[in-house]
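Nothing in this text is a laboratory measurement; each read-out follows from the coordinates by a stated rule. The model shown is predicted, which means the values in this text are computed figures rather than measured ones. Positions of Cβ are backbone-derived with ideal geometry, glycine not excepted, and every protein chain shown enters the neighbour counts.
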Amino acid sequence: MAKRKLPIEIDARNLPPLGMPAEDFLRDYWQKKPLLIRNAFPDFISPISPEDLAGLACEDGVLARVVAHEREHDKWLLRHGPFPEEMFPAMPQHDWTLLVQDVDKWDADIAALLRSFAFLPRWRMDDVMISFAAPGGSVGAHVDQYDVFLLQAYGRRRWQIDARPSPPLQFRNDVELKLLQRFTASHDWLLGPGDMLYLPPGVPHHGVAEDACLTFSFGMRAPAAAELLGDFVDTLAADADESLRYRDPDLAPANDPNEIDAAAMQRVVEALNALRMNDPDRLGDWFGRFITLYRSAGEAVAHGETRSRIEIEWDLQHGALLQRHPWTRMAWRKATRGATLFAAGHDYPTPVKDAQRIAAADRIDDHGYLALSERGRDLVHELLQGGHYQLLLPDEDEA
């Protein structure tokens, strides 16, 4: 039987945001094939304006860049924020792009869009980057090594991709950006508000603004093997017992005292193997801490909460909420005994149901708090003291 040819374009108006069940998308497209999804977000209206984005790019602590293209000389210019407020009104009318990372950490309406991707592990989502492009604006033909969903939020952008097997991936050496030396499009689409392009890792693509436009980029976190290994080795070294050393009790007289022979190398392997994490819980705890740390500088900071636990619980009973810090990523895993909750690079043993409830809740109200065990409530209080939650009183929540 001939293999069914999968479409590369689909209309999702009747089944947003994928136009198909999540199971079908993950089976047929995820990390396998690109997909243009028309009407992924039907009748979409951007919750952020270009002016709001420009204002955010002027704030300290916000990761922002401006990429400009001088077409006459094919010269690319890159500037890093924060930017002075007076810069944007003076920008040219074409051929530049503003990119702002982690907008979901700064804007609750943008963060709410992540619920549409609940079919993916939450800890795999890195951030929502938003770009504003003047007409002709682009960041050049490039390739990403992670999955990305590109949602057109405002205006129109033309996307070209090279979906052929083994496309050329050599980079230019005359620009600061990682741009491709050669790019030949196999597909060419014009996207309007609500349309979304899914790209698996390694697919060359090139987007150019047809008119002033906003594009939301939902990027997945996919650590390189070298990044995983580096952090893993650092953890092994930090926890290593000083008594674990290179040993050679079976040493025989050397044929050549200057040679590093095969027996010596075998002892090196044995010394390294002594450091391996053979305990699945230790390995899982390392990965949970690693993957819940954001790569950017933002982090929760202890705020010296002066209210006692009794006062906090009284506040919850009277309509207060505990709001998770936007930079605190959480996940959990089953352990030999119970579970472990991971929060911003820290691990906390806790019952399974507590770990599930805390990791799933961006906000905890009195009902959610009372549903936790005593250990779970202790943990929430500990996280609050560490700055991972903010207590919102009823009037503050309404504001």
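So here's what we get for this one:
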{"quantity": "Cα-based shape type of region 225-278, given that a ≥ b ≥ c are square roots of the gyration tensor eigenvalues and the cut on a/c is 1.5", "calculated": "prolate"}
{"quantity": "Loop GluC sites (Glu not before Pro), region 14-79 (other Cβ atoms within 10 Å of the site Cβ: 11 or fewer; DSSP)", "calculated": "E72"}
{"quantity": "Label of the coordinate-derived value, Rg and Dmax of the Cα atoms in Å, listed as (i) 22.2, 80; (ii) 20.5, 64; (iii) 25.3, 82", "calculated": "(iii)"}
{"quantity": "J(HN,Hα) series, region 100-115, from Karplus relation 6.51 cos²θ - 1.76 cosθ + 1.60, nearest Hz, glycine and proline x", "calculated": "10, 7, 6, 5, 5, 7, 9, 9, 5, 5, 5, 4, 5, 5, 5, 4"}
{"quantity": "Mean Cβ count within 10 Å, highest first, over the residues of peptides 210-222, 172-184", "calculated": "210-222, 172-184"}
{"quantity": "Distance histogram in 5 Å bins (all Cα pairs of region 309-398, percent per bin)", "calculated": "3, 15, 27, 26, 17, 8, 3, 1, 0"}
{"quantity": "Gain in span if fully extended, D279 to L26, counting 0.36 nm per residue against the direct Cα distance", "calculated": "88.0 nm"}
{"quantity": "Difference of contour (0.36 nm per residue) and Cα-Cα distance, L77 to A224", "calculated": "50.2 nm"}
{"quantity": "Contact order relative to length of the chain, as percent, for alpha carbon pairs under 8 angstrom and 6 or more apart", "calculated": "14 percent"}
{"quantity": "Spin-label model distance (nm) - E382 vs A302, 7 Å beyond Cα toward Cβ", "calculated": "1.3 nm"}
{"quantity": "Two-decimal log10 I(q)/I(0) for region 9-220, as the Debye equation yields it once each C-alpha is a single scatterer, q = 0.09 Å⁻¹", "calculated": "-0.33"}
{"quantity": "Sparse-neighbour loop sites [GluC sites (Glu not before Pro); region 249-354; at most 14 other C-beta within 10 Å; DSSP]", "calculated": "E259, E299"}
{"quantity": "Contact order relative to length of region 9-220, as percent, for alpha carbon pairs under 8 angstrom and 6 or more apart", "calculated": "26 percent"}
{"quantity": "Cα centroid separation - region 261-291 against region 118-190, whole Å", "calculated": "38 Å"}
{"quantity": "Relative exposure of I37, I291, judged by other C-beta atoms within 10 Å (fewest first)", "calculated": "I291, I37"}
{"quantity": "Two-site label geometry, V233 and Q323: point separation in nm, points 7 Å out along Cα→Cβ", "calculated": "4.3 nm"}
{"quantity": "DSSP H segments from the chain that extend 18 Å or more along their own axis, Cα-based, with Kyte-Doolittle mean of -1.0 or above", "calculated": "225-239"}
{"quantity": "Computed lengthening from N14 to S166, 0.36 nm per intervening residue step minus Cα-Cα distance", "calculated": "51.3 nm"}
{"quantity": "Label point distance in nm, Y246-A262, each placed 7 Å from Cα along Cα→Cβ", "calculated": "2.0 nm"}
{"quantity": "FRET efficiency, A111 to R309 (Cβ-Cβ, R0 35 Å, nearest 0.05)", "calculated": "0.80"}
{"quantity": "Counting DSSP beta bridges with both ends in the chain, the antiparallel % (nearest 5)", "calculated": "95 percent"}
{"quantity": "The chain, helix-only ellipticity at 222 nm - DSSP H runs n ≥ 4, -39,500 (n - 2.57), divided by all residues, nearest 500", "calculated": "-7000 deg cm²/dmol"}
{"quantity": "Net charge contributed by nearby residues that have their C-beta within less than 15 Å of M277 (K/R +1, D/E -1)", "calculated": "-4"}
{"quantity": "Paramagnetic reach from S373 in region 307-344 [backbone N under 19 Å; point 7 Å along Cα→Cβ]", "calculated": "331-343"}
